1. When both residues are 6+ apart or on different chains and their Cβ atoms are under 9 Å apart, which pairs have a first residue that lies in the range 188-216 and is touching a residue at least 12 places away in the same chain (Cβ under 8 Å) and over 17 Å from residue 161 (Cβ atoms), and a second that is surrounded by 11 or more Cβ atoms within 10 Å (Cβ to Cβ) and among the charged types (D, E, K, R)?
2. Can you tell me which residue among 115, 127 is at pLDDT below 55, surrounded by 12 or more Cβ atoms within 10 Å (Cβ to Cβ) and not small (Gly, Ala, Ser)?
3. For residue 72, state whether it is under 23 Å from residue 191 (Cβ atoms), touching a Gly at 6+ places or on another chain (Cβ under 7 Å) and either at pLDDT below 85 or surrounded by fewer than 18 Cβ atoms within 10 Å (Cβ to Cβ) (or both).
4. Pick from the range 48-69 the residues that are part of a loop (DSSP other than H, G, I, E, B) and open to solvent by 40 Å² or more (accessible area, probe 1.4 Å): which of them is nearest to residue 33 (Cα to Cα)?
5. Would you mind finding the one in 136, 93, 141, 153 that is at pLDDT 85 or above and open to solvent by less than 70 Å² (accessible area, probe 1.4 Å)?
6. It is to be established whether one or more residues within the range 76-84 are over 30 Å from residue 135 (Cβ atoms), under 15 Å from the mean Cα position of the chain (by Cα) and either touching a residue at least 40 places away in the same chain (Cβ under 8 Å) or open to solvent by 60 Å² or more (accessible area, probe 1.4 Å) (or both).
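The values are calculated or read from the model by the stated rules, or taken from the named source; none is laboratory data. Note that the coordinates shown come from a computational prediction; the quantities given were computed from them, not determined experimentally. Cβ placement follows ideal geometry from the backbone for every residue including glycine, while neighbour counts extend to all protein chains displayed. Ligands, DNA and RNA are excluded from the accessible area calculation, which covers all protein heavy atoms including side chains. Shrake-Rupley method; radii C 1.70, N 1.55, O 1.52, S 1.80 Å.
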Amino acid sequence: MIHCPCTQFKTTRQSAMTNHAKKCNGQPTTAIVSLPWSDMLRKKYPQFHADKTIRKRALMFHHHNKLPKPPAGKSFKIPTNLESKFFKFMEPILVGKFSTTASSTTDTTTTTTNQPPAVQEAAESNQRNLSASNSIASSDILLQMMPSYTNLIPEHRDAIQKGIHEYLKEQLGGEQELSEYQFVPLDLVADFKEWLFEQLSNAFSESGGINILKTF
């Protein structure tokens, strides 16, 4: 095994090492931390919540910079060394829509505001209400499409909810708990319905007495 002095590359093939050497100075490098794209945006926009348009633009940045594809079911990440570049790229669709914080790495000074727990809780409650007003409960969509959902055995219901959770986490980003994904943004509803119909149809195609309704 041939190891490069940069500590970030090793190979058993001389040709591969030769190619690597063309773009490496051989100096040890420090591993770069990456954050889920939505978590990074919340550093500058604390009240940020994702929608389909925002996610598409963030994904465009991810692809443009040829960043690694995330594991299945995981949100794609942005390296912290690209944070300022990412903020600048996302600004056109975020400025004016969400308030910013002075603690962003793009600012020349840093200020910290400590809010009382009651104030923070009220702000979070308002944000949840805002999300609900611009969304549709995933449970409502599910019950319209699968009226017999409540009659399923617990294992099947849990599997469906886990699938919905993973889908919305992939689409909206972040690492929230299952309970946080109760709503589907209005601009994602059509795609969500198509995905859900396909998943339910495939899972219960051989189960008699279970009707999956195409509600789109």
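1. 188/51; 188/52; 188/55; 191/52; 214/193; 215/193; 216/193; 216/194
2. Testing whether each residue is at pLDDT below 55, surrounded by 12 or more Cβ atoms within 10 Å (Cβ to Cβ) and not small (Gly, Ala, Ser) leaves just 127.
3. So residue 72 fails the test.
4. 68
5. Selected residue: 141, the only one of 136, 93, 141, 153 that is at pLDDT 85 or above and open to solvent by less than 70 Å² (accessible area, probe 1.4 Å).
6. yes
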